[in-house]
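Read-outs: derived from the displayed coordinates by stated rules, not from any lab. Small disclaimer: the values here were computed from a predicted structure and weren't measured. No Cβ is skipped: glycine too gets one built from the backbone with ideal geometry, and neighbour counts run over all protein chains shown.
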Amino acid sequence: MSAAVPGTPGAPVTVRVPAKVNAQLTVGGLRPDGFHDLANVFLAVDLYDEITAAPAPEGEGPLLTCSGPDAGRVPLDHTNLAVRAAYALALRHGRSPDVRLHIAKDIPVAGGMAGGSADAAGALLACDTLWGTRTPREELLAICAGLGSDVPFSMTGGAALGRGRGEVLTPLEVGGTFHWAFAVAEGGLSTPAVYRECDRLRERHGAGAGVADVPAPEPSAALLDALRAGDADALAAALTNDLQPAALSLLPGLADTLKAGTAAGALAALVSGSGPTCAFLAADAASATAVARELRLSGTCRTARTATGPAPGAAVR
């Protein structure tokens, strides 16, 4: 499907939207509503999905197809966030959700890199452009927040601190480019399952898992300084993910992946978000390429990719 000139209602529209890595993911206690407060430092990286929206016959949308790596693992029904995004925008404007959506998938599926959230943000922007509904950006972000905690950041990209469930964003200054290698695991992990395991481990260790038991999450001043300075060594020392023990508990083999990347020369290694993709910060592009090569040879992951960040958010191509 071809991209359209932005703002031409009725012509197919393609939107490119990035993956993310969590440089910090600090998880508060379990709230009464079932969510957790977060201090979530997002960094968008230049691995992209592309979502194309084209007209569908009246009463026949939204229709969804998908291509690319792991496309067979992507649901094509109403459970897909891209489909839900089309419905949400149509409801906002009181119109029928007549659209054909196609996802060209390159972000790992169920990998902790917000691929589903990226598709939702991309579908929202693509439909808004296709339909000529010209929704104010603040309203688009509000719809994003209703779809999922990571969806607003997929729309904005760059770097940001996420508070609340992660949907309340404050842009962050980044003083340089950071180089990463990502190890893509076999299979995926359910984000809700990882959070449940985090709560279980906290309770097992006697600390409790509720909001009264866990300190309120706060961003790391050292990490924010490292981002602002573009200092990879300082960032490596400050990376943290409270969900990593839970991901390792559910998939113990991830520990071997983390060790393999560190042995290959990564400055730091951590599980990306809820996993199971593992992220490795490297000193430069050549180092990231070397780490990815050694990870592919290690037998501890399905494949490995390189990427840089920050990257821009959802944008019409």
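Quick rundown of the values:
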quantity	calculated
Highest-first arrangement of 61-71, 36-46, 116-126, where packing means the average Cβ count within 10 Å	116-126, 36-46, 61-71
Per-peptide average of other Cβ atoms within 10 Å, ordering 240-250, 130-140 highest first	240-250, 130-140
Folded to 0 to 90 degrees: helix 81-93 orientation relative to the chain principal axis, Cα	50
Packing-based exposure ordering (other Cβ within 10 Å, fewest first) of Y87, Y48	Y87, Y48
Protection proxy ranking, peptides 90-98, 189-197, 141-149, average beta carbon neighbours within 10 Å, highest first	141-149, 189-197, 90-98
Spin-label zone in segment 182-199 - amide nitrogen under 20 Å from a point set 7 Å from the Cα of D213 along the C-beta vector	192-199
In nm, spacing of pseudo-spin labels at R200 and R95 (7 Å Cα→C-beta vector)	4.6
Folded to 0 to 90 degrees: helix 191-204 orientation relative to the chain principal axis, Cα	30
The chain: relative contact order in percent, alpha carbon pairs under 8 Å with at least 6 residues between	26
Exposure proxy ranking, count of Cβ atoms within 10 Å, fewest first, for R31, R305	R31, R305
MRE, 222 nm, helices only [DSSP H, n ≥ 4, -39500 (n - 2.57), over the chain, to nearest 500]	-10500 deg cm²/dmol
Computed over segment 92-238: relative contact order in percent, which uses C-alpha pairs under 8 Å that are six or more apart	19
Top of G253, G59, G275 by mean-square fluctuation, Gaussian network on the chain, Cα under 10 Å	G59
Cβ-placed point charges (K, R +1; D, E -1), dipole of the chain about Cα centre in debye, nearest 20	300
Nearest-ten-degree value, helix 115-131 long axis tilted from longest Cα axis of the chain	20
Length-normalised contact order for segment 178-309 - Cα pairs under 8 Å, 6+ apart - percent	41
Ranking of S220, S154, S274 by count of other Cβ atoms within 10 Å, fewest first	S220, S274, S154
